[in-house]
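Here the structure is laid out as structure tokens; the discussion comes afterwards.
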Amino acid sequence: MKLYDFTLAPSAQRVKVYLDEKGLEVPTEQVNVREGALFVEPFMSMNPFHCVPFMTLDDGTVVAESMSICRYLEELHPEPPLFGRTAAERAVVDMWLRRFELDGFTPLLHALRNHLPNFAGRVVPGTRSDLPQSEAMVSRGKEMADVFFGRVEPHMAKNEFVAGPDFSVADITGFFTLRMAYALEMDIAGSWPATHAWFEKVSVRPAFQI
């Protein structure tokens, strides 16, 4: 197998943190996303969504999407478990993972891509689009995240990690969600202190020193 990566991409960084937390090493090739490498062969055919990371398996199967890659690796290397041990634990981890991805990570990702100048012409991940950057998207993304963090705060005040007492992939996605919120100058510490405290705690884990 081989993992195709771009060090600066947040979704690729999620897989890197997962690998480090698991103590796994996977053959990796860096793909220069900024120079349009994903829009030429062989990458064009391998991954028509033009996003990193993606992985080729020994039989030629291509697996894209960061958490799909992590799920595949978890099946091969179940220890230490980052998706839960029991059916109930796996369901809770998946629930919080989806909540963070859908209600936090995705709105903030679009907010950042519409805010930072270096994403001009690339506001939709995996495209070279003529769509202009939109301040309305920035505002709406932050507003959606504000609602989400308000829902998360009481839960984080009572739990050690996102999905309960144990560190999981939900914490990995949660970390990158909060990192984008800080980059957009949202007042996490002042508005949601328990969520901020959780972020500070996981930030010092060796795998997050990227």
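The values are calculated or read from the model by the stated rules, or taken from the named source; none is laboratory data. Quick caveat, the model's predicted, so the values are computed rather than measured. Virtual Cβ from ideal backbone geometry, glycine too; neighbours counted across all protein chains shown. These accessible areas exclude ligands, DNA and RNA; they are computed on the full protein's heavy atoms, side chains included. Shrake-Rupley method; radii C 1.70, N 1.55, O 1.52, S 1.80 Å.
Selection of the range 1-21 for residues being open to solvent by 20 Å² or more (accessible area, probe 1.4 Å), touching a helix residue (DSSP H, G or I) at 6+ places or on another chain (Cβ under 8 Å) and closer than 14 Å to residue 77 by Cβ yields 20, 21. Using the structure shown, decide if residue 75 is in contact (Cβ under 8 Å) with a residue 40 or more places away in the chain and either crowded, with 18+ Cβ neighbours inside 10 Å or assigned to a helix (DSSP H, G or I) (or both). Against the criterion (in contact (Cβ under 8 Å) with a residue 40 or more places away in the chain and either crowded, with 18+ Cβ neighbours inside 10 Å or assigned to a helix (DSSP H, G or I) (or both)), residue 75 does not qualify.
I need the full set of residues from the range 18-52 which are aliphatic (A, V, I, L, M) and either touching a strand residue (DSSP E or B) at 6+ places or on another chain (Cβ under 7 Å) or without any contact (Cβ under 8 Å) to a residue 40 or more places away in the chain (or both), in order please.
26, 31, 33, 37, 40, 44, 46, 52
Candidates 93, 62: the one that is within 22 Å of residue 161 (Cα to Cα) and either open to solvent by less than 70 Å² (accessible area, probe 1.4 Å) or at pLDDT 95 or above (or both) is 93.
Per the conditions (1) open to solvent by less than 30 Å² (accessible area, probe 1.4 Å); (2) part of a helix (DSSP H, G or I); (3) of a type outside the set (Asp, Glu); (4) closer than 22 Å to residue 33 by Cβ, the sole criterion not satisfied by residue 100 is (4). Please go through the range 34-59 and pick out each residue that is small (Gly, Ala, Ser) and open to solvent by less than 30 Å² (accessible area, probe 1.4 Å). Of everything in the range 34-59, those that are small (Gly, Ala, Ser) and open to solvent by less than 30 Å² (accessible area, probe 1.4 Å) turn out to be 36, 37. If the condition is being out of contact with any strand residue (DSSP E or B) (no Cβ under 7 Å at 6 or more places or on another chain) and not in a loop (DSSP other than H, G, I, E, B), then the range 1-14 contributes 10, 11, 13, 14.
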